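Colleague: Provided herewith is a single structure, encoded as structure tokens, for subsequent inquiry.
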2 protein chains.
Amino acid sequence: MTSVSFTIIHQDKATKARVGEIHTPHGVVQTPQFFPVGTQASVKALTPRDLRDMGAQLVLANTYHLHLRPGEDIIDEFGGVAEFMGWHGPTMTDSGGFQVFSLGVNLEHGMVKFLKEEEAVHEKEAKPRLNKISEEGVLFQSHLDGSSHMLSPESSIAIQEKIGADLIVGFDDLESPLYDYDKTRESLELTERWLTRSLAAQTRTDQLLYGVTHGGKFEDLRLQSAKFVDEHFQAVALGGAHASKQNLYEVVDWTTSHISLEKPRHLLGIGDIDDIFEGVERGVDTFDCVTPTRLGRMGVFFVHGPTGTKENRWRQDITKADYTHSHEPLDATCSCMVCKTYTRGYIHHLFRAHELEGYTLVSYHNIAFLMNLMKEIREAIQDDRFTLLKKDWMGV
Amino acid sequence: MTSVSFTIIHQDKATKARVGEIHTPHGVVQTPQFFPVGTQASVKALTPRDLRDMGAQLVLANTYHLHLRPGEDIIDEFGGVAEFMGWHGPTMTDSGGFQVFSLGVNLEHGMVKFLKEEEAVHEKEAKPRLNKISEEGVLFQSHLDGSSHMLSPESSIAIQEKIGADLIVGFDDLESPLYDYDKTRESLELTERWLTRSLAAQTRTDQLLYGVTHGGKFEDLRLQSAKFVDEHFQAVALGGAHASKQNLYEVVDWTTSHISLEKPRHLLGIGDIDDIFEGVERGVDTFDCVTPTRLGRMGVFFVHGPTGTKENRWRQDITKADYTHSHEPLDATCSCMVCKTYTRGYIHHLFRAHELEGYTLVSYHNIAFLMNLMKEIREAIQDDRFTLLKKDWMGV
């Protein structure tokens, strides 16, 4: 048993949405919750103080990136990633599988932008080169220096134990959304063997290990995966490929219907506002995504309705010339530090002038916006009015 | 008369150093003081909140840059630069002359890096193209879009009145350090005519207009310039060229000896730690320089002795590999937020990983370091032990 625990505080009457708390050695995470991503142990353009001030509760870092730089041994020397980055709060790492696979899948199918990729604004780094998948694990070459590395269930867990996050994820094989049924099933079966080995490899008792569900777009494979993970793990991360937004919601539905209610569910790499509402409604507790900070560095900011709608994805672009004279904050109904302090006109100037402060301000607002949204969602579930809140936001 | 005033609180017995206060409509500036530079109305990689937290009291912005982008009319719409940038505290602008001249002088003498140039880390912008100097003023082409602009005493003051800083600077001609005596004298005479026109052009009474002293490396020209500025202005900015560090200190000595004691003296664009001590000793009240933020973006940070010395300019480089395992703060005796929160090992990682947070943290420390130094200097002067403090730091 792990010393990390999950408690459900309130279950919505009309939907699968629920309010809960994850208790970790580094503090409490209230759910539903969104996790900002700090790929390289830094949430880009922000400081831990910013994150605390806006109410962020957990930072997700990437095992692949931290393994290559600075290396898990160094993070371990500093007492784990939360201490290393001066955050000291709850953290999560992924398995590393996503990053090492994403290029392999892309190459195989000639797909260019299938999967997310987290890079610094001006960084022109290559992606990892996938050499070989075997029963043992994945052999790949570093995108930094070309050096060869093996990532396996055992090494992924060993690395994640040294990185020392409170929530960690079992090592999985990533299917392509273009795989046919048989290929997806083969991939799922490999994932199941790797998850079993991941469980066996765990030695620390103060980290909650999430099993990852896969099965692509196929309902029976998704059910099989959900049941397998539910049988062996205390926490469930929804991963793998989906065919469309509609299929993503089906996948979430299929999966959460076959996971014990008392287990926390994390939806990996998803964080659009409509996806958050649809996911929470289907019983997802936590989300992570690079979107708020990546958009922030491009000058794209979130806005409430009526300006923000499902159609424009609640997004506006500060680099547009018509903000030059605007004395308004980014979002008139937002209470974050940026919206209390700065005008759209000034932030527009910062982006025109390529000032780093611009990246900081819009990234700050975007994460704060999601923190406030998650708080609104938790309060609505508590008051049994989640469906109304969702209608308010989604316009349907 | 202007509503900005300067008061001397304590005069050192042994040297020309003094403690004072500049009272502006946006707040009080305690002197001796160092002004961080926010070239484009943003101190690079930092926010106004950071600046307030570390005790910064005045931000200097560049008239040339703000005239071209976003333009003084827009800043005026927002209530002036202090409000535009969300700083709300005291501000200063330079005359714009420095930037438009620096390339002209460089071209003329085939000099490459004679003068400072403030650019964003990744920005590859060209420099202004100087077209023609006449009695009227300077015709130049924008480094942004090649558009033609005229900067004259009248337009510089009009622009600075719209930008709305509390301290502004009269328009001046910039001599090259390679000019001979006659050419330097001609340049000084043009500066004097332009300063007279700058004075006549001023219409606002809530801005303190600094006259600029010139005269290159020549003592009698420096004396002439000091007397001229002292006769006509309530505040003195020391500008122009010098031949060496030693000559810079002579220039300061010659100049401050011929300026009325009650007038504030600003040393333009100078801010190395030894220069601050030598300047304060010779009666300089305020300094500005891009060094702490530019070094910050390169990973170079200030340290106290015994590690920091006059020889290494109190500088260390965080990108060096031997900081990988360091659990120490940037500077063991520094009390700033960065030194209380982060290790050298983590900041080293941020620079290796090209994370924007690294620029923020080292820039923050460097300015905070200078803010603490200036406070130490003010307290030492108050206690009549400035000479001892200077010896402590300089090791002589």
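The values are calculated or read from the model by the stated rules, or taken from the named source; none is laboratory data. These numbers were taken from a predicted model, which means no experiment stands behind them. Here the Cβ is made from the backbone with ideal geometry for all residues, glycine too, and neighbour counts use every protein chain on show.
Colleague: Going through the stretch B:1-58 one residue at a time, which ones are within 19 Å of residue B:374 (Cα to Cα) and basic (Lys, Arg)?
Modeller: Listed by number, the residues that qualify are B:13, B:16, B:18, B:52.
Colleague: Moving on. Being more than 10 Å from every other protein chain (Cβ to nearest Cβ) and small (Gly, Ala, Ser) is the filter here, so list the residues in the stretch B:17-73 that pass it.
Modeller: Across the stretch B:17-73, the qualifying residues are B:17, B:20, B:27, B:55, B:56, B:61.
Colleague: Follow-up. Would a scan of the stretch B:348-357 turn up a residue that is closer than 23 Å to residue B:44 by Cβ, small (Gly, Ala, Ser) and touching a residue at least 60 places away in the same chain (Cβ under 8 Å)?
Modeller: no
Colleague: Follow-up question, since we're still on this one. How about the stretch A:74-99: which of its residues are surrounded by fewer than 24 Cβ atoms within 10 Å (Cβ to Cβ), away from chain B (no Cβ under 11 Å) and in a loop (DSSP other than H, G, I, E, B)?
Modeller: A:80, A:89
Colleague: I'd like the residue in the stretch B:304-362 that is surrounded by fewer than 21 Cβ atoms within 10 Å (Cβ to Cβ) and among the acidic types (Asp, Glu) and, out of all such residues, is farthest from the other protein chains (Cβ to nearest Cβ).
Modeller: In this case the residue turns out to be B:311.
Colleague: Cβ-Cβ distance below 9 Å, separation of 6 or more or different chains: which pairs start in the stretch B:53-71 with a residue that is of a type in the set (D, E, K, R) and end on one that is outside any loop (DSSP other than H, G, I, E, B)?
Modeller: B:53/B:337; B:53/B:364; B:53/B:368; B:69/A:349; B:69/A:352
Colleague: While we're here: Does the stretch B:299-312 include one or more residues that are of a type in the set (S, T, N, Q) and assigned by TED's automatic domain parsing to the domain that holds residue B:37?
Modeller: Scanning the stretch B:299-312 turns up no residue that is of a type in the set (S, T, N, Q) and assigned by TED's automatic domain parsing to the domain that holds residue B:37.
Colleague: Hey, can you tell me all the residues within the stretch A:158-199 that are part of a helix (DSSP H, G or I) and without any contact (Cβ under 8 Å) to a residue 12 or more places away in the chain?
Modeller: A:182, A:183, A:186, A:189, listed by residue number.
Colleague: Turning to a different aspect of this structure: Looking at B:157, B:168, can you tell me which residue is assigned by TED's automatic domain parsing to the domain that holds residue B:93, under 18 Å from residue B:40 (Cβ atoms) and either modelled with pLDDT of 95 or more or crowded, with 17+ Cβ neighbours inside 10 Å (or both)?
Modeller: Result: B:168 is the single residue among B:157, B:168 that is assigned by TED's automatic domain parsing to the domain that holds residue B:93, under 18 Å from residue B:40 (Cβ atoms) and either modelled with pLDDT of 95 or more or crowded, with 17+ Cβ neighbours inside 10 Å (or both).
Colleague: Also, I was wondering about something else. Among the residues of the stretch A:274-303, how many are surrounded by fewer than 19 Cβ atoms within 10 Å (Cβ to Cβ) and small (Gly, Ala, Ser)?
Modeller: Here the count works out to 0.
Colleague: So which of A:352, A:344, A:313, A:385 ends up being charged (D, E, K, R), within 21 Å of residue A:37 (Cβ to Cβ) and out of contact with any strand residue (DSSP E or B) (no Cβ under 8 Å at 6 or more places or on another chain)?
Modeller: Going through A:352, A:344, A:313, A:385 in turn, the sole match is A:313.
Colleague: Please find, among A:348, A:354, the residue that is over 24 Å from residue A:237 (Cβ atoms), of a type outside the set (A, V, I, L, M, F, W, C) and touching a helix residue (DSSP H, G or I) at 6+ places or on another chain (Cβ under 8 Å).
Modeller: A:348
Colleague: Report yes if some residue within the stretch B:288-311 is under 30 Å from residue B:158 (Cα atoms) and small (Gly, Ala, Ser); otherwise report no.
Modeller: no
Colleague: If residue A:333 meets every condition in (1) among the β-branched types (Val, Ile, Thr); (2) in a loop (DSSP other than H, G, I, E, B); (3) over 17 Å from residue A:389 (Cα atoms) apart from one, which number is that one?
Modeller: Among (1) among the β-branched types (Val, Ile, Thr); (2) in a loop (DSSP other than H, G, I, E, B); (3) over 17 Å from residue A:389 (Cα atoms), residue A:333 violates only (3).
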